[in-house]
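**Q** This structure is in structure tokens; I'll ask about it shortly.
FYI, it's all coordinate maths here, none of it is from the lab. This is a predicted model, so every value here is computed, not measured. Cβ: placed from backbone, ideal geometry, glycine included. Neighbour counts: every protein chain shown.
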Amino acid sequence: MSPTPPAVPEAPAYELDLYVTGATPNSTRALRHIREICEQYIPGQYTLRIIDLYQQPELAQQAQIVAAPTLVRRQPLPLRRLVGDLSNREVVLAVLGLDDLPPYPLP
């Protein structure tokens, strides 16, 4: 009998990139808002990559980012973008495709 292979971890359902410009008020707000939304609606089902345009301008150029903060949903497809501080929860939920999901209760 051969040993059971180790389980392959499942890829997160949501892959998000948040492009920011340092610790500016808008960037800080956007980061806080997207973390709150993800933890409330898709806890444990997402990866969030923070990309500072000042430190990694080549990534912004590759992704054709022209304003910050910008949220990019890479997975699930189709790719979607949202520019701003992400304070309009309804718009963020719609862009992420989460507007039909109920929120998880917060601890």
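**Q** Helix-only mean residue ellipticity at 222 nm, the chain, DSSP H runs n ≥ 4 weighted -39,500 (n - 2.57), per residue, nearest 500. What is it?
**A** Here the helix-only value at 222 nm equals -8500 deg cm²/dmol.
**Q** Here is a further query. State to the nearest 20 debye the size of the charge dipole of the chain about its Cα centre, where the only charges are +1 on K and R beta carbons and -1 on D and E beta carbons.
**A** Charge dipole, the chain, about its Cα centre: 120 debye, nearest 20.
**Q** Please list, in chain and number order, the residues 5+ apart from TYR14 or on another chain whose amide H is under 5 Å from its amide H, with Hs placed from the backbone.
**A** TYR46, THR47
**Q** Points 7 angstrom from Cα along the Cβ direction at ARG80 and ILE50: gap in nanometres?
**A** With each label placed 7 Å out from Cα toward Cβ, I get 2.3 nm.
**Q** Another one. Against the longest alpha carbon principal axis of the chain, how many degrees, from 0 to 90 and to the nearest 10, is the axis of helix 25-41 turned?
**A** That works out to roughly 30 degrees.
**Q** Report the antiparallel proportion of the DSSP beta bridges in the chain as a percent, rounded to a multiple of 5.
**A** Rounded to the nearest five, the antiparallel share is 55 percent.
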